[in-house]
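Quick notes on the structure that follows.
The values are calculated or read from the model by the stated rules, or taken from the named source; none is laboratory data. Everything quoted here is computed from the prediction, not taken from an experiment. Cβ placement follows ideal geometry from the backbone for every residue including glycine, while neighbour counts extend to all protein chains displayed.
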Amino acid sequence: MELKLNQFYSFSSSITGFHLNELKETGLGKCYLNVILKNEPSFVYEIAKFNQGNCNLIYDKYKNTINKIIMLWYTGCWYKSKNDFYVVNEKSYINGLMWKALDTHTLGANAQGYGYWSKSPVTNEEEL
């Protein structure tokens, strides 16, 4: 059974509490689906079953994986374990659902761009 991107968005909407269109607006569905394929390949089949009405059984059996997917959408990070995670990419951090849920701007991603804090500040002499 092949999982279609719309099925993944529908599944993600049901576990994150965000509307399907809000998730699509991030443009991260395909990226996140690839992260899951890489880290939890057998779970992709379960997502397709979830969309066929087996949600309680799937959640009980795959609670840890589902929680990782929730964290992926909210933080833009894939959590291998509690203290072992990585940011998927710049766009995933900037479009993490946590910022929308908190009704705030993305920390560290402003006009200067993501990661601006890692560079030395420009002084007036350097601008000349």
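Annotations for the structure displayed:
- Considering residues of the stretch 88-128 that are surrounded by 15 or more Cβ atoms within 10 Å (Cβ to Cβ) and at pLDDT below 85 only, the residue nearest to THR75 (Cα to Cα): THR106
- Residue under evaluation GLN7, criteria (1) modelled with pLDDT of 90 or more; (2) farther than 16 Å from TYR79 by Cβ, criterion not met: (1)
- Number of the exception - GLU46 against (1) buried (at least 18 other Cβ atoms within 10 Å of the Cβ); (2) in contact (Cβ under 8 Å) with a residue 24 or more places away in the chain: (2)
- Residue in the stretch 52-64 that is surrounded by 18 or more Cβ atoms within 10 Å (Cβ to Cβ) and touching a strand residue (DSSP E or B) at 6+ places or on another chain (Cβ under 9 Å) present: no
- Filtering the stretch 13-50 to residues that are among the acidic types (Asp, Glu) and part of a helix (DSSP H, G or I) leaves GLU22, GLU25, GLU46.
Rundown of residues vs (1) more than 12 Å from the chain's Cα centre (by Cα); (2) crowded, with 17+ Cβ neighbours inside 10 Å; (3) free of Cβ contacts under 8 Å to residues at least 24 places away in the same chain, yes/no style:
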| residue | (1), (2), (3) |
| --- | --- |
| LEU3 | yes, yes, no |
| GLN7 | yes, yes, no |
| PHE11 | yes, yes, no |
| SER14 | yes, no, no |
| GLY17 | yes, no, yes |
| LEU20 | yes, no, yes |
| LYS30 | no, no, no |
| LEU33 | no, yes, no |
